[in-house]
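Report on the structure given below.
The values are calculated or read from the model by the stated rules, or taken from the named source; none is laboratory data. Everything numeric in this text was worked out from a predicted model, so none of it was measured. Note that each Cβ is placed from the backbone with ideal geometry, even for glycine, and that neighbours are counted across all protein chains shown. SASA here: full protein model, heavy atoms, side chains in, ligands and nucleic acids out. Shrake-Rupley method; radii C 1.70, N 1.55, O 1.52, S 1.80 Å.
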Amino acid sequence: MPVIEVTHLKKRYGDLVAVDDVSLAVEAGEIFGVLGPNGAGKTTTVECVAGLRVPDGGGVSVLGLDPRRDAAQLRQRVGVQLQESQLPDRLRVAEALELYASFYRNPADPAELIDKLGLGDKRNTAYKKLSGGQKQRLSIALALVGNPEIAILDELTTGLDPQARRDTWGLIEQVRDSGVTIVLVTHFMEEAERLCDRVAVIDRGRVVALDSPAGLVSTVAPEQRIRFRPSAPVDDRLLTDLPEVSAVQRTGSQVVVTGTGELLHAVTSVLARHQIVAADLRLEQSTLDDAFVELTGHRPAN
Amino acid sequence: MHAFRNILRTEARLYLRDLPTLLTTIGLPTLILVVLGLIPSLRKPDPTFDGQTFVSYFAPSLLVVTLAMVGVNTLPSVLATYRERGVLRRLATTPAHPAALLAAQLVLALAGILASALLLIVVARLAFGVPFPRHPLGFTLAFILGTAALLSLGLLVAAVARTTKAAQALAVPLFLVTMFFGGVYLPRFLLPDVVARIGDYTPPGVQALLDAWTGTSPQPLHLAIMAVIAVSAGAGAAKLFRWE
């Protein structure tokens, strides 16, 4: 039973069609990624889910409720972290969390949340004095302080250094392990690959793919490449005869085999049968990056 | 209500934490009063002012300073900053409504204006013998309506300005005009008569304040104009206000 269902969502701003036709379903307890180039309609889609915008067409259902009609109920049950949303400069960490906790019927303990997010020694620090990573963690904490069933996190790690980004990822996994369904809007492929159970790729207002990151890679960019240095001469035909192999190239003493499916197994088996050892063997598989380029024709933003 | 109370408490803390702004808002008019009051000739009754001292005559214009600072300057720029930084939008995702934050800012603006006015009136009375407003009811009414008119104009600025910069671009001329017609830059007896008469009808309505402070009841037309400005600017702001 999905906790979020979006069907044929449409949203335009004047002449600009932000969301043309988006349908997706998010299952309870998963980390669901929404990927896409800038301006693809990701943020607009999640804003409609969060009840911040009124769709021009199509349906949105969250926890079986309507984000506009049942807004009051959903605000208690859905936590939202918006892109580029800041706090007043002089507001301190603990004050912010205590204030936001007071809005909810069944909030998390702010002090506990502060410790969990590694802001324990910053509780009396003004927002202005926090680093980018600390601001981001506070922002996540505010999205979680109401003990939500669903957390929508938009551009979670944009502007963070690699270490802070990794720390944030660890945190998100913890949150999911506590039973919260997470919708993650991102344009970092590495982030989606690491965190998401499933991703929807949105381009020009439409869903162009919806699968697990690995599933997406294997259907969209199935090409694999094996490089090795054979211990004895290899006849190309030995390899090209394999159904998994699409091409064989040689660069110096190195053999490069391209193909799909169980390529590694097929190649190593045939070499073993001919008692050839493959030295310096490396398997190169496509990443979500490649799949993304294949799907949208854009390079991801990083 | 619960959320509003907590937001108000938090915003009040932030307000008190910004000491320079706080002191300027509340203390500047009184500081100017004290500086002028130290000049002996300005404390002598003068026929130009119907036998009052210059200090008495000028005190209502000093009220305009705080009203203009808070109403058309601080309030819109704080609200525009909150909008620009996404504070209002974030609040819209929680069970609290961003209107609670707007209401809290209005309460704080009123509190600042009231504190500043009381300080001015008391210091003027104790230090320079300026009598307490002679027509208390009329004075209260003129003060409330003048304040409401300026705060509504401030809200209108906050409503139409998308960014902090845009809010300031609108607020600064409005502030200067308010101060000028309020007789802050040049005492009103030095202004051409037509300018002074216009000033009777520009918020906060300094003539009504002067009348009520020094004796007669304020003219109904002056008060009515302030009420009209307050209601129409307030309605415009309510219609145009954007939370993001």
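Past 24 Å, Cα to Cα, is the threshold; run B:Lys165/B:Lys239; A:Lys10/B:Lys239; A:Lys128/B:Lys165 against it and keep the listed order. Walk me through the intermediate numbers first.
Details: B:Lys165/B:Lys239 22 Å; A:Lys10/B:Lys239 26 Å; A:Lys128/B:Lys165 20 Å.
Beyond 24 Å between Cα atoms: A:Lys10/B:Lys239.
Got the relative contact order for chain B handy, in percent, Cα pairs under 8 Å and 6 or more residues apart? Walk me through the intermediate numbers first.
On the way: 358 pairs, mean separation 64.7, N = 244.
For chain B, the relative contact order is 27 percent.
Looking only at A:Arg68, A:Arg90, A:Arg53, which one moves most when chain A is put into a Gaussian network model with springs between Cα atoms under 10 Å?
Maximum fluctuation in the GNM of chain A, among the listed residues, is at A:Arg90.
Taking both sides together, what accessible area is buried at the B/A interface, probe 1.4 Å, expressed in Å² and rounded to the nearest 100?
Numbers: alone 11860 and 14840 Å², together 24300 Å².
Approximately 2400 Å², summed over both chains.
Let me have the 222 nm mean residue ellipticity of chain B computed from DSSP H runs of 4+ only, each contributing -39500 (n - 2.57), with the sum over all residues rounded to the nearest 500. Before the final figure, lay out each step's value.
On the way: 11 runs with 179 residues, N = 244.
It lands at -24500 deg cm²/dmol.
Which aspartates and glutamates, on any chain, are close to A:Lys129 with Cα under 12 Å apart, when same-chain ones fewer than 8 places away are left out?
A:Asp89
HN-Hα J couplings of the stretch B:173-178 from phi, Karplus 6.51/-1.76/1.60, θ = phi - 60°, integer Hz, Gly and Pro as x?
Listing the rounded values in order: x, 4, 4, 4, 5, 4 Hz.
Only Lys, Arg, Asp and Glu count, each charged at its Cβ (+1, +1, -1, -1), so figure out the dipole size of the protein assembly as shown about its Cα centre, rounded to 20 debye.
Details: 52 positive and 51 negative charges, 420 e Å.
The calculated dipole for the protein assembly as shown is roughly 2020 debye.
At 4 °C and a viscosity of 1.567 mPa s, what translational diffusion coefficient does Stokes-Einstein give for chain A, taking Rh as the Kirkwood radius over Cα pairs? Give it in µm²/s as a whole number. Spell out each step's value before the answer.
On the way: Rh = 21.6 Å.
For these conditions, the coefficient is 60 µm²/s.
Which one of A:Gly59, A:Gly261, A:Gly79 has the biggest mean-square fluctuation once chain A is modelled by GNM with Cα springs under 10 Å?
A:Gly261
Rounded to the nearest percent, how much of the accessible area of the protein assembly as shown (1.4 Å probe, protein heavy atoms only) is carbon and sulfur? Walk me through the numbers before you get to the answer.
Details: 13970 of 24300 Å².
Of the solvent-accessible surface of the protein assembly as shown, carbon and sulfur hold 58 percent.
Compute a Gaussian network model of chain A, connecting alpha carbons closer than 10 Å, and tell me which residue from A:Ala247, A:Ala94, A:Ala40 fluctuates the most.
The residue with the greatest mean-square fluctuation here is A:Ala247.
Leaving out ligands and nucleic acids, and using a 1.4 Å probe, what accessible area per residue does the stretch A:116-222 come to in Å²? It would help to have the intermediate numbers written out before the result.
Values: 4110 Å² over 107 residues.
Per residue, the stretch A:116-222 has 38 Å² of solvent-accessible surface.
Can you spot the aspartates and glutamates whose alpha carbon is less than 12 Å from A:Lys11's alpha carbon? Ignore those fewer than 8 places along the same chain.
Here the aspartates and glutamates satisfying the reach criterion relative to A:Lys11 are A:Asp20, A:Asp21, A:Glu47, A:Asp56.
Between B:Tyr185 and A:Asn106, with labels modelled 7 Å along Cα→Cβ, what's the label distance in nm to one decimal, could you check?
For the pair B:Tyr185/A:Asn106, the computed spacing is 6.1 nm.
Which three extents, in whole angstrom, do the alpha-carbon atoms of the protein assembly as shown cover along their principal axes, largest first?
That gives 120, 45, 44 Å along the principal axes, largest extent first.
When we measure straight from the Cα of A:Lys135, which lysines land under 23 angstrom away, once same-chain ones fewer than 8 places off are left out?
A:Lys42, A:Lys116, A:Lys122
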